[in-house]
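Values in this text are rule-based calculations from the coordinates and carry no lab data. Since we're looking at a predicted model, the values are computed, not measured. Every residue, glycine as well, gets a Cβ built from its backbone with ideal geometry; the counts of neighbours run over all protein chains shown.
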Amino acid sequence: MNDGSMQKTMVLTGASRGIGHATVRRFNAEGWRVITCSRQPFSDKCPWEGGMENHVQIDLSSPENTIAAVEVIREKLDGRLDALVNNAGISPKGPNGERLNTINTDLRTWGHVFHVNFFAPVVLARGLINELAEARGSVVNVTSIAGSRVHPFAGAAYATSKAALAALTREMAHDFGPFGVRVNAIAPGEVETSILSPGTEKIVKRIPLSRLGQPEEVASVVFFLCSEESSYVSGTEIEVNGAQHV
């Protein structure tokens, strides 16, 4: 991507918890500058280097706010971006925490989920294409095992938005490739984070590796896809789920 003398920079959405949090920690440990994007202002509970000035508050459910944020992000870059990780995702539940299906999800909720999970990634990537091209960078879209099968907890809007994001990854790999930019996806399964639903232990019994994934394990795959180790990998979706998909 670039020579070792220059610090590499990543932009990551949904940094405040779980996989996003672990990914920031991993890239930070590898010496990267990480620009985080989330709905919340920067939290002092996230004591990584340069956190406050490298944070962009952004409402990915708002097209106007997302488009405006691209300019804010660009101003923080020095004309190049080595990696964009589209990790932010929402999966609304019903009033009692129940799964929302195709029958009981209202249209506004569909739109809200697709704006965050699907439209924001393409707006950010397209908006930062020149900076990504300058660095011959990498885009990683975080999809889900729910994108390819009905999941007991993930709602219909979430699942279909992740399936669409997987298809978008293929389209982007085709379009961004001539700029020297690689685009891939990772599809996590059951990862031990704060958004796990009650009853997850029943799913774990059906996972061949017989355990939950750790956020750090997912972050390692993201790092691989943003490193020179994957320099000829583009347009693929890596399952990170302990063989749950087989």
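Would you mind checking region 102-143 for residues with the amide N under 20 Å from a putative spin-label position 7 Å along Cα→C-beta of residue 17? Answer for this model: 112-118, 142-143. What would the Debye equation give as log₁₀ I(q)/I(0) for the chain at q = 0.09, 0.10, 0.13 Å⁻¹, counting only Cα atoms as equal point scatterers? Each listed q maps to, in turn, -0.36, -0.44, -0.77. The ranking of 205, 162 by Cβ neighbour count inside 10 Å, starting from the fewest, reads 205, 162. Computed across region 127-246, the Kirkwood radius stands at 15.1 Å (inverse of mean 1/r, all Cα pairs).
Summing Cβ point charges (Lys, Arg +1; Asp, Glu -1) relative to the Cα centre of the chain gives a dipole of roughly 720 debye.
Stretched out straight at 0.36 nm per residue, the stretch from residue 30 to residue 68 would grow longer than its current Cα-Cα span by 10.7 nm.
Shape summary of region 158-219, radius of gyration then Dmax from alpha carbon positions: 15.3, 45 Å. Per residue, the average separation of C-alpha pairs within less than 8 Å and at least 6 apart gives region 9-240 a relative contact order of 21 percent.
Evaluated over the chain, the count of Lys pairs having alpha-carbon atoms less than 25 Å apart is 8 (only pairs 8 or more residues apart or interchain). Restricting attention to region 9-240, close to 5% of DSSP beta bridges with both partner residues there are antiparallel. The slack between residue 101 and residue 220, meaning 0.36 nm per residue of separation minus the straight C-alpha distance, is 39.6 nm.
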